[in-house]
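Asker: Next up is a structure, given as structure tokens.
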Amino acid sequence: MTDLTTLSGDIPRGFAFGTMQFGDRADETASRGMFEACRAAGLTHFDTAYVYTDGRSEKLLGQFAAQDREALFIATKVGYIGGAGRENILTTFDTCRQRLGMDVVDLLYMHRFDPDTPLDETFETLSHLQSDGKIRYIGVSNYAAWQVMKAQAVAHKFGTRIDAIQPMYSLVKRQAEVEILPMCQSEDIAAIPYSPLGGGLLTGKYGAGGKGRLTEDHRYGARYGDPRMYDTAAALTELAQELGTHPATLAVAWAARHATQPTPILSARSVAQLAPSLDGMNYTMDDALYARVSSLGVTPPPATDRLEEA
């Protein structure tokens, strides 16, 4: 499976690659190797952000993408720091374009919701960037469904719309199933979730005593600290062994298999680490296996309390 079919215009569907490790845990050589492995696998959609690795991620991605820019779909994000005001958006996005070496970025996300800035200011600014030809699509990341729909109404006032959302989603983080993914399907918004491997938890390495972000970064430790998540990871590893595959392959295939057809963002710090995730792009997961993998995690309740009607 490649990501050549589209939703919301020509935002690539299928899978994307996130460059959060470029220039940090992955040096330039490792980063280039992963970029080339993704291209060989058919990926065209690459994701970065202003805050990733102090700008090194954008710079490296820009270098690698330059030789084949027209074939690629490049997304970045602003507003994680400094808020969603006009000045911060314009200043940081100018820096993003300089680092990437690109006049136009395909998709610009607001990295998180800013309760202190009027939505009118944010989306008027984004609409101007779009009408000026500096961005093609507008996205939001880490927004709740109600925040997306509120922002969508504001965007409409300025003649534009939110075309994509980037939520967290994996077998151990399934909150997006409650409202975000159904909203995307209903409103023709591309769902491009990050962390399908649960910060690496679903690779099985932590159950084997491995080290990584969950043990070295308190944010990830808190995010994936629920013992039930470790039970799910252990059960996924056992199932993968039974099926003769890698747990990361199952985790990636499962995240993409949801009925709303999200576009999971793969990531890694080396080609070897990336390989089982790339295998997940072509892993056949039928209804029975999807149900079996789903049963390993906690299915969130529906958005209403009328469980008898669910």
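Asker: Looking at the stretch 55-63, can you tell me whether even one residue there is under 24 Å from Val252 (Cα atoms), part of a loop (DSSP other than H, G, I, E, B) and touching a helix residue (DSSP H, G or I) at 6+ places or on another chain (Cβ under 9 Å)? I'd like the intermediate steps shown before the answer.
Answerer: First, pick out the residues of the stretch 55-63 that are under 24 Å from Val252 (Cα atoms): 57, 61.
Still in the list and also part of a loop (DSSP other than H, G, I, E, B): none.
Within the stretch 55-63, not a single residue is under 24 Å from Val252 (Cα atoms), part of a loop (DSSP other than H, G, I, E, B) and touching a helix residue (DSSP H, G or I) at 6+ places or on another chain (Cβ under 9 Å).
Asker: Name the residue, out of Thr160, Thr125, Thr215, Thr117, that is surrounded by fewer than 17 Cβ atoms within 10 Å (Cβ to Cβ) and either over 19 Å from the mean Cα position of the chain (by Cα) or under 21 Å from Lys77 (Cα atoms) (or both).
Answerer: Details: Thr160 fails: surrounded by fewer than 17 Cβ atoms within 10 Å (Cβ to Cβ); Thr125 fails: surrounded by fewer than 17 Cβ atoms within 10 Å (Cβ to Cβ); Thr117 fails: surrounded by fewer than 17 Cβ atoms within 10 Å (Cβ to Cβ).
Answer to the check: Thr215.
Asker: Condition check: over 21 Å from Thr48 (Cβ atoms) and either surrounded by 14 or more Cβ atoms within 10 Å (Cβ to Cβ) or in contact (Cβ under 8 Å) with a residue 12 or more places away in the chain (or both). Does Leu266 satisfy that? Don't jump to the end; show me each part of the working.
Answerer: On the way: over 21 Å from Thr48 (Cβ atoms): no; either surrounded by 14 or more Cβ atoms within 10 Å (Cβ to Cβ) or in contact (Cβ under 8 Å) with a residue 12 or more places away in the chain (or both): yes.
Against the criterion (over 21 Å from Thr48 (Cβ atoms) and either surrounded by 14 or more Cβ atoms within 10 Å (Cβ to Cβ) or in contact (Cβ under 8 Å) with a residue 12 or more places away in the chain (or both)), Leu266 does not qualify.
Asker: Kindly indicate whether any position in the stretch 248-258 is surrounded by 21 or more Cβ atoms within 10 Å (Cβ to Cβ), under 28 Å from Thr19 (Cα atoms) and of a type in the set (S, T, N, Q).
Answerer: There is at least one residue in the stretch 248-258 that is surrounded by 21 or more Cβ atoms within 10 Å (Cβ to Cβ), under 28 Å from Thr19 (Cα atoms) and of a type in the set (S, T, N, Q).
Asker: Of (1) in contact with a strand residue (DSSP E or B) (Cβ under 9 Å, 6 or more places away or on another chain); (2) modelled with pLDDT of 95 or more, Ala235 satisfies all except one. Which?
Answerer: Going through the list (1) in contact with a strand residue (DSSP E or B) (Cβ under 9 Å, 6 or more places away or on another chain); (2) modelled with pLDDT of 95 or more, Ala235 breaks only (1).
Asker: Considering Ala272, Ala256, which residue is touching a residue at least 12 places away in the same chain (Cβ under 8 Å) and aliphatic (A, V, I, L, M)? Spell out how you get there, then give the answer.
Answerer: Details: Ala272 fails: touching a residue at least 12 places away in the same chain (Cβ under 8 Å).
Among Ala272, Ala256, only Ala256 is touching a residue at least 12 places away in the same chain (Cβ under 8 Å) and aliphatic (A, V, I, L, M).
Asker: I've got another one for you. Based on this model, can you work out whether Thr44 counts as crowded, with 19+ Cβ neighbours inside 10 Å, of a type in the set (S, T, N, Q) and within 19 Å of Met281 (Cα to Cα)? I'd like the intermediate steps shown before the answer.
Answerer: Values: crowded, with 19+ Cβ neighbours inside 10 Å: yes; of a type in the set (S, T, N, Q): yes; within 19 Å of Met281 (Cα to Cα): yes.
In short, yes.
The values are calculated or read from the model by the stated rules, or taken from the named source; none is laboratory data. Quantities reported herein were computed from a predicted structural model and do not represent experimental measurements. Don't worry about glycine lacking a Cβ; one is built from the backbone with ideal geometry, like all the others, and counts go over all protein chains shown.
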